Each structure stands twice: as structure tokens, then as C-alpha cells.
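Let me begin by presenting the structure, written as C-alpha cells, before commenting on it.
The values are calculated or read from the model by the stated rules, or taken from the named source; none is laboratory data. Quick caveat: nothing in here was measured; it's all calculated off a predicted structure. Note that each Cβ is placed from the backbone with ideal geometry, even for glycine, and that neighbours are counted across all protein chains shown.
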């Protein structure tokens, strides 16, 4: 009897030992790498932007790991897992489902470029309790009462409301006098229409501006001459130029140069990052872009010392764009959350994101200089930047604390 | 239960059982999306596969269904359990509204016009401000709002819809509806002449098809939870419906399902496996796969398989040629000049541009007679027939049947009124069996498939083709084609039969056979008007001639008198010939 009991005890101890060893092994394995996800279009019409995001994430992770990884987790290394959101909402949702099903170790993800993709992806990740950080603008993303989605950009509505006041403030600072007249030349796509709606609704009257040119065209534009002729004859103090297609932008800007309105002589401002894309340099004479401005949710700012130079050296990108900076910053947000959580666990990372209040590190990659999310998951300090083409490179010129250059503005 | 019904339900159950075993949430999603695209493919197939009116715009119905379900839940808090069936109604209405103007077009024009609807709707929904809709999360009433924790339930729902769509398609295929659609695809004009109400069936097809697509779109919205204009109205949606159906085999029940079963997972698999290594390569491989199938099986996998089976089954030799009509039937008919006029043309005229093809033609057809219309090539004989049966609307004059004017009536109405016809160049429905060909005619008075079948078999027997009933009309001899057309016309129980150059291209012996047949038909009480440009055979067949020349009536009368008429001889053989034989 004794022997049997001892044998049993021995067996129990052996099993316990094995279990402990297994546990320790698991913990060690987990502490070695922590998986974070990037879900973005790697194929299809938006593949180029997906590649930019991947390049940014790779660069950030390389830097984080080189600096010792996640210190609270014994120097665990970050590992990026990429999922192709493809070219349709269905593909994006499939990719999200694949992400949660096949990568149970993911602690957080960023994506998914287009708002509609992000909406579909977060429907999946929310149910899997996987935190997702996104720069998509749609207000809906953080209006659904979701607990695991974090929006770093100013939302679409915030941008539409905030752009014109920001522009007026910058104009007043730069030229010493307030603009009195404004012209709008826009296409009739959803993005442009949504952007202009609050401006026409109430902002013009509130800001005491007179609308002297109001032209809408259906892309693709065949001939920009009549539009620009009207702009020249009315000569507004500022011009909102809102094409969506690159080809239309090129046509309009070339015509403005031909009519002597280009190169900053007529302050011209657009919306979104398309008109600041490096690809534009291959399509038109860069000199004609000089002075053109755009309102964007993110861009390299004065707080990032040496960042632009580093990107230029280590990647093939001529400068970091909105998607680049944001995705790069997202990786630093993940790092900060993991440091706070101290373990590779979704729930803990989500909790850390909710209580996060950064003013350095990741915060330098987001306008407003802080990363703190409100109850809905919106970044509280999210604001707008105005970026201007200067000597062939788009640089941030507003607001002052983020600006890396003075705006070119006719006095 | 029919064998096919059992197979379809068995397939659905097997699919559902397989889905029950899958716990991986990603594979579950794919298993859910496959039947949705199968339903969408079946929807496309019901219209385009069977009727041949190719639609590049099925996304319109799909998108309306998806938006309806999403907006109804957001706006009226309507559960998808009610929203999805209602999306079917929305799709059906959209189909009808689209169909009425668009069916004025044919061929490529129809396809291109269909392309416009989803594109237009895409802009409308963007303009309305519905760039992005999400179905609100309802954890409080998950069951009521189809928000199941267990994703397999979606798969079962989708599989259930797929089974319903397959059963519906199978039912349509076997009915008068389906055969009429196929006849329209094969030869719309011939179908009209055989009494098929083409617009009626086409509208019914697009309505049903729209309903199926609307339901598919509604379920898609529930599964995807996000609805955007490009996602549901985009070109990819219409293309996907078309591709799965064409890949598997259009105009079949299993084709679109097979297409969806292969292509949707293949595309996803390639996307998942290759996209992160070589971005975009999945599209190339997918495209190559489709090209390969189109080259190897241009009509789709199911048809290829059927052809293979038929080839193996064709070990037994084909039966002997058609048995001639029994001479007994060709009994002498009572003849008499004073039979009543039942059908006449009064000063009928038709011009094509400057060419006056038919000029003031007046002729009477008497009950039970065989009237021959002869004339040299280009005399306007076929144009006259086209005016008589409604293919053409006359510029002037009247067509009178039983004292009632029918000029300008559509061909199917004329056919229903009792006037059957055949064509100068035979126009069978080549991809249909002989029996089905003739059934199309029989449906005119026998809406049920069984009764139409009996009538069709009778008609085939009458012309001596009964033993070939199951053969495809493609590859028949000239004589068989002529007989088939006569049988198709006979099945519609006409009172008057218009035969357009039925003897053209036949050998002497075959002409004799045909004469015997036509005599027998006349003896059974049928009135026959026959066009021919050779006179020899006609002289022995007809009771009376009307001679056309240059669009006008040149002479009219008994064969003996007509063959002596100098004007006729001039028109036919030239003045010289008459002089030489005078």
C-alpha cells in the first residue's frame, strides 16, 4: 500500500513538474515575441498605400526591437503579421476573420485604410475583443459603441468643421489681414461634397466670408479653362480646390499656372493627402505645385526630430506621408500599451489603451501632441494640419507648434 | 419526389452537416459566402442563362436588397427576418421596373443598358449620403436581429436559401416558363411565331431573378454588417454572378452552385496564401483558372460533363430515318370553289426605305384549301408572310381573320388566333430536343407540361418524327428540320398554316413525301398557304395559285390556268421563252 502511495506521489510530482516546465516554456516563448497586426490593402487599387503602411510598421518595429523591445516583458520583441484587405469590403472582412481565427496571439492591430474596410474589419475584431487602432476618418467607426476600436485621426465631421477656421487663422497670421472672399472649385464626389457642406451651410457667414466663385464639375474634367477663367475674373482671396482624381488636380493646377494664378500667387488649398502624394511628382512639373496646400489629419511635424531624414535613408519613400506617419506612430502606441500591460494579452492591452495618456514617445507622431482616448475611442487631441508644397516637398506649415516651415502666402 | 429534388435537398443537408463540423471562424465565413454567391449566380442564371438576355447589371438588385435590409434595420428597427424577404420584393419590383424599358433592346444593347443601372444606383446612394452603412450591433436581441454568436447558423441560412433557389430553378426549367425562356434564347422570332408571349416570360424571369438577387443581397448585408455602394453595386458583384454561372454552366440548376463552390473558395484561398508574398498574384491565378475553363469547357463545367455522358451513352446506333406518312391519310379532299373566305389580305403594302416590297396585295384564303403563293425571287413572298403573321406592321391595308382585322398584332397573338407558320430558312431551337421544340408550340393551348407533352408527341407522330422525340434539334437533316417546324406549328392547333418554302433544298423523293404530308394535313381540315418559287411540285399540290411579282399580285387562279397565263410566264421565264414556245 505504501509503495503504491509513494508511486502515486512520485507520478504526481512528475506530472506537476512537466506541467510547470510546459508553463514556463510557454511563458518564455510568449515573452520572446509579441504579435501585432497590420490589415490593409496589399493588392488591388490601394495596394500602394498598403505597402506604405507596411514599410512604416516595419521601420517602427525594427527601431523598437533594436532599442530593447518591450522592457516590462523582459525585452520581448514585436512581430508584425500582415493581412491583405484586398479591394472590396467582402475581402477586407474575410481578411479580418482570417486574422482573428488564425492569429490568436495577436494583441492588437492597425488598419484598414479605407473607412468602409475599417468598419467591416472592426465588426469582426470587436467580437473577438481584439483592439484595433485606425486612422480612418468615418464618424461611424466610433459611433457604434464599440469597446475595442481607437481612432487617432480627426473624424470626417471634425475635419469638415475645422478646416476653414484653421485656414482663416493661418491666413491672418501669415498675411496680417483676414481674407474676405473665397472661391470653391470642386468635383461632385462624396468626399468633396461632404467637406464643403458645413462650409456652405454656416461657416462662410460665421466667418464673414463672401463666396465669389462656386464651381462644381463631374470628373473626369475635360477642360479646366472655363473654371479657372472664372476664378481669375473674380479673384477670390483664397481658393478651395477640391479634385479627387490626380488627373483632374493636374489639369486644374496647370491651367492656374498658365493663367498666372499658380505658385502661391492665389492661395490654394485642397483636402486630403492625395494632392501631397509623392506620385504627383512623376505626373507633373513640381514647380507648378509650389504653394499648393492641403488639410490633412497627420503629417511629419516639428516634434519629430530626424524622422523624415531617417525615413528617406532607410526606405524608398521620399518623405513620410499621412499613412506612413500614422502607422509608424501606431506601432509606438502598441509598444506603450504593452509596456503598461506587462503581458501579451488582448484584454490587458485594450485596458492600457483606454487608460493611456501619452505626451511623449508615440505622441510626437500625432498632431496635438498627446495620445489619450475618450470613452468612444476617439483621440482627444486629434486636430488638423495644413501642409504646403515648398520646393518640391510638402511640409507642415500650420499650426505653429507643429510647423516645420513658414507658409508661403502673398502679402 | 423527383430524383433531382432529392439530390438538391440531399446536397443542401450535406453542405449544412459539413458546415456544422467546421469551427474555424474564417472557414465558417467562407462557407457562408459560397451559398450567397451561388444564389446570386442562380438569380443571374434564371434570366440570362435561360433567356440569353445577358445582364451585366445584377448588382442593381443585389445592392437594393442589401441597402433595404440595412436601412430598414437602422431606420425602422426592422428585423432581417422580415427585411430579407422584403428585400426579395424590392428586388422583384426593381426587376420589373428595369425590365419594362430594357427589354426593348436586344443582344449587346441589352447587356450594356443593364450595366448602367447599378452604376447609376451607386451614384444615387452616394448622393443620398449612404457611403457607409453599418448594421447596428444588437446584443440585447441577437436572435431577433440575426446576430448569432454561432456563425454556423449563417451558413445554414445561406445553404437553405441556396436549396430554395435551386428547387425554384429546377421547377422553372421543367415548366412552360423555362422552355419558353430557352426558346427565346435560341430564336426569339421563331418563339413568337410559335405563340410564345416573349415579353411576358422575359418580364417574369427578370422579376423572379431580381427577387433572388435581392434576397442574396439582403443576407449578404447581414453577414458583412457593412454596406457601401461599391461593395454591393460594384462591377465586381455583377461580374461575380456572371462568372460563377458561366463557369459552372449557364441554363442549368447545378452550374452556378458548382461555380460558386469552386471559384469563391479558390479566390479566397489564393488571396490568403499568395497575397502577402506576391501582392496581386491571386488575381492573375484566378484569371488564368477562368481562362482555362473557358477554353476547355466554353459552355461551363456542367454542360461539358453532360456532353461527355451523352457521348458515352451514344453507343447504340441512331434509329432509321423518318417513316413516311401513311398514304391512306392523304385521302382525296372534297373540293369546291364556294368554300367560305376565312383569312384575307386587303390592299396590304410595305416599304423598306425606297423599296416597295409589297404593293396593294389583296388575296383571299378559303376554308380548307391549299393556296400556293408563287413568284420569282424578290417578289415579296416572305415579306407578305411576315405581314400576315405579325412580324412586320403593314404601312397600309388590312389583314382580316374571320372578319376581324389583326394587322399590327404581335406574332404570338396572331399565332394564338390560329395562324401557324414555318420559315424559309428553318429556325429550330437547336439546343432543345425535338420534343421540347414542339412543346413550345403546344403550350399555346396546353399550359401544363404533361398535356403539352402529349400534344407534342401527337404532332411529331403526325409528321413521322415520333421516334426521334428526344434527339437534339441540332444536326438534323434538312427534311427533318422542315418536318420539325411543321410539327411545332401543328402543336399550336392552328386553323391556317403558313408554309414558307418548305420544299426548298429537298430531293425529289423528299418533295413527294412532303406533298403527301401536306395533302393529309389539308384533308384533316387544315387550311394551308404555301410559298414556293418553283412551280413543278406546286402544280400537283395546290388548289389555287396567287402569283406575286415585284410586290404586287400578278395573277390568281387554278393551276391549269396560271401555268398558261402569258403574264406569269413572262415574269417567271422571260418574254423570249414564251415567244420561242408560242
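Couple of notes before you dig in:
- Among the residues of region B:489-513, the one identified as out of contact with any strand residue (DSSP E or B) (no Cβ under 8 Å at 6 or more places or on another chain), part of a helix (DSSP H, G or I) and closer than 14 Å to residue B:438 by Cβ is B:491.
- Output for region A:43-57, where each listed residue is within 11 Å of another protein chain (Cβ to nearest Cβ) and modelled with pLDDT of 90 or more: A:50, A:51, A:54
Residue by residue, here is whether (1) assigned by TED's automatic domain parsing to the domain that holds residue A:204; (2) surrounded by 15 or more Cβ atoms within 10 Å (Cβ to Cβ); (3) out of contact with any strand residue (DSSP E or B) (no Cβ under 8 Å at 6 or more places or on another chain); (4) farther than 20 Å from residue A:407 by Cβ holds:
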| site | (1), (2), (3), (4) |
| --- | --- |
| A:239 | yes, yes, no, no |
| A:251 | yes, yes, yes, yes |
| A:266 | yes, yes, no, no |
| A:270 | yes, yes, no, no |
| A:282 | yes, no, yes, yes |
| A:285 | yes, no, yes, yes |
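- Checklist (1) at pLDDT 85 or above; (2) assigned to a helix (DSSP H, G or I) applied to residue B:144, failing item: (2)
- Flag for residue B:443 being within 20 Å of residue B:192 (Cβ to Cβ) and in contact with a strand residue (DSSP E or B) (Cβ under 9 Å, 6 or more places away or on another chain): no
- Only listed residue being over 26 Å from residue A:379 (Cβ atoms) and surrounded by fewer than 16 Cβ atoms within 10 Å (Cβ to Cβ), chosen from A:176, A:183: A:176
- Selected residue (only one of A:179, A:236, A:219 is farther than 30 Å from residue A:122 by Cα, part of a loop (DSSP other than H, G, I, E, B) and within 14 Å of another protein chain (Cβ to nearest Cβ)): A:219
- Among residues of region A:186-200, those that are surrounded by fewer than 19 Cβ atoms within 10 Å (Cβ to Cβ) and away from every other protein chain (no Cβ under 14 Å), counted: 1
- Residue A:378 satisfies every condition listed in (1) touching a helix residue (DSSP H, G or I) at 6+ places or on another chain (Cβ under 9 Å); (2) surrounded by 24 or more Cβ atoms within 10 Å (Cβ to Cβ) except (2).
- Residues in region A:391-403 that are in contact with a strand residue (DSSP E or B) (Cβ under 8 Å, 6 or more places away or on another chain) and either closer than 14 Å to residue A:277 by Cα or assigned to a strand (DSSP E or B) (or both): A:394, A:395, A:396, A:397, A:398.
- Filter pass, residue A:147 being more than 19 Å from the chain's Cα centre (by Cα), at the interface with chain B (Cβ under 9 Å from one of its Cβ atoms) and at pLDDT 90 or above: no
- Qualifying residue in region A:164-173 (condition: at the interface with chain B (Cβ under 10 Å from one of its Cβ atoms) and either more than 22 Å from the chain's Cα centre (by Cα) or more than 21 Å from residue A:85 (Cβ to Cβ) (or both)): no
- Among (1) in contact with a helix residue (DSSP H, G or I) (Cβ under 9 Å, 6 or more places away or on another chain); (2) in the same structural domain as residue A:234 (by TED's automatic domain parsing); (3) at pLDDT below 90, the one test that residue A:176 misses: (1)
- Condition met for residue A:116 (in contact (Cβ under 8 Å) with a residue 24 or more places away in the chain, facing another protein chain (nearest Cβ under 9 Å) and touching a helix residue (DSSP H, G or I) at 6+ places or on another chain (Cβ under 8 Å)): yes
- Pick from region A:195-213, criterion under 12 Å from residue A:242 (Cβ atoms) and either touching a helix residue (DSSP H, G or I) at 6+ places or on another chain (Cβ under 6 Å) or not in a helix (DSSP H, G or I) (or both), ranking: modelled with the highest pLDDT: A:199
- Selection within region B:522-557 - in a helix (DSSP H, G or I) and free of Cβ contacts under 8 Å to residues at least 40 places away in the same chain: B:536, B:537, B:539, B:540
- Restricting region A:123-140 to residues that are modelled with pLDDT of 90 or more and at the interface with chain B (Cβ under 9 Å from one of its Cβ atoms) leaves a set whose member that is surrounded by the fewest Cβ atoms within 10 Å (Cβ to Cβ) is A:128.
- Filter result for residue A:406 (surrounded by fewer than 20 Cβ atoms within 10 Å (Cβ to Cβ), more than 30 Å from residue A:119 (Cα to Cα) and touching a strand residue (DSSP E or B) at 6+ places or on another chain (Cβ under 9 Å)): yes
- On inspection, residue A:60 qualifies as farther than 30 Å from residue B:269 by Cβ, surrounded by 21 or more Cβ atoms within 10 Å (Cβ to Cβ) and either modelled with pLDDT of 90 or more or within 14 Å of chain B (Cβ to nearest Cβ) (or both).
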